[in-house]
Amino acid sequence: MNIWRPWPYAATAIVQHNWVVNALFIWVTFRYPMDTTVKPAHNLWITTVDGVPKNIGFSGWQDEFTILIGALDVLSDPNLVYLEYDGPSETLRTTWGKQWEPWGLILSFKASGSPFTSTKTVSAVGPTDNVDVDGIGILFLDCSANAVTIGGFINGIEGQVLQIARLCAAVNDATLEHNEGTGNQDIFLHRGADETLTGEYGGWTLVCNGSHWFDVSHAKHV
């Protein structure tokens, strides 16, 4: 005779991950709607990547069922990822106030895709301070007819990764402006100054903290 039992709380979340450059993005999707007015401190998420503990650098609710967290200093696409939550805590609870009580390690599965998968092409001269990157993962710069300058974005969300790629090696410039003070989502480049690609391919990788964008293309200027 089969006896129905409610799932343990460890089984009421699905954990998936996706590696981008030097960071590992981890989505925790809960079975029940969660209270998105609070979220746990980063040190409550314990992430082990190929046997090595990793610090969590950012987190943010995607909706009432899914929270995105990011593990830093992951230098290659991992083979084995485990997530553990040091709870319960009142900062992670269902909409009716039940604190989430996981049981030990939860194995993460490699995500089949990132929520930021759309592409967009920018070819306007600019400077353009309000490029809309809602749902965008790859931004192409078409400099074949003229120079392209970007000073800021709108509609980026915490944890979003934006890869910017120049499409041609024409003599026209492709420029990102550093901390331009646009009133939108500014760009903070690792050099601390505007950066330009002229007559060459290349690009940048930026991550968003919900307010601004930060260059993670290099650990230091090279």
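None of the figures in this text is laboratory data; all of them are computed from the coordinates on show. For clarity, every value in this text was computed on a predicted model and none was experimentally measured. Heads up, the Cβs are rebuilt from the backbone with ideal geometry, glycines too, and the neighbour counts pull from every protein chain shown.
If you take the square roots of the eigenvalues of the alpha-carbon gyration tensor of the stretch 118-215 and sort them as a ≥ b ≥ c, do you get rounded (a/c under 1.5), prolate (a/b over b/c) or oblate?
Prolate is the answer for the stretch 118-215, as a/c is 1.5 or above and a/b outweighs b/c.
State, as an integer percentage, the relative contact order of the chain based on alpha-carbon contacts under 8 Å between residues 6 or more apart.
15 percent
Quick one: 3J(HN,Hα) in Hz for the stretch 200-213, Karplus 6.51/-1.76/1.60 with θ = phi - 60°, rounded, Gly and Pro as x.
Once rounded to whole Hz, the list reads 8, 7, x, x, 9, 10, 10, 10, 10, 9, x, 10, 9, 10.
With the Cα gyration tensor of the stretch 9-110 in hand, convert its eigenvalues to equivalent ellipsoid semi-axes via √(5λ) and list them largest first in whole Å.
22, 13, 12
Placing +1 at every Lys and Arg Cβ and -1 at every Asp and Glu Cβ, with all other atoms neutral, what dipole size does the chain have around its Cα centre, in debye to the nearest 20?
Taking the Cα centre of the chain as origin, the dipole is about 760 debye.
Once the other residues with Cβ under 9 Å from the Cβ of Trp61 are scored (Lys, Arg +1; Asp, Glu -1), what is the net sum?
Residues near Trp61 contribute -2 overall.
So for the chain: antiparallel DSSP bridges make up what percent, rounded to the nearest 5?
In the chain, DSSP labels about 70 percent of beta bridges as antiparallel.
What value in Å³ per residue do you get for the convex hull of the alpha-carbon atoms in the chain?
138 Å³
For the stretch 52-153, what is the convex hull volume of its Cα atoms per residue in Å³?
162 Å³
Explain nothing, just the number: relative contact order of the stretch 9-110, from Cα pairs under 8 Å at least 6 residues apart, as a whole percent.
Relative contact order of the stretch 9-110: 34 percent.
Name the residue farthest towards the positive end of the dipole of the chain from the options Leu162, Phe109, Ile69, assuming +1 on Cβ of Lys and Arg, -1 on Cβ of Asp and Glu, about the Cα centre.
Farthest towards the positive end: Phe109.
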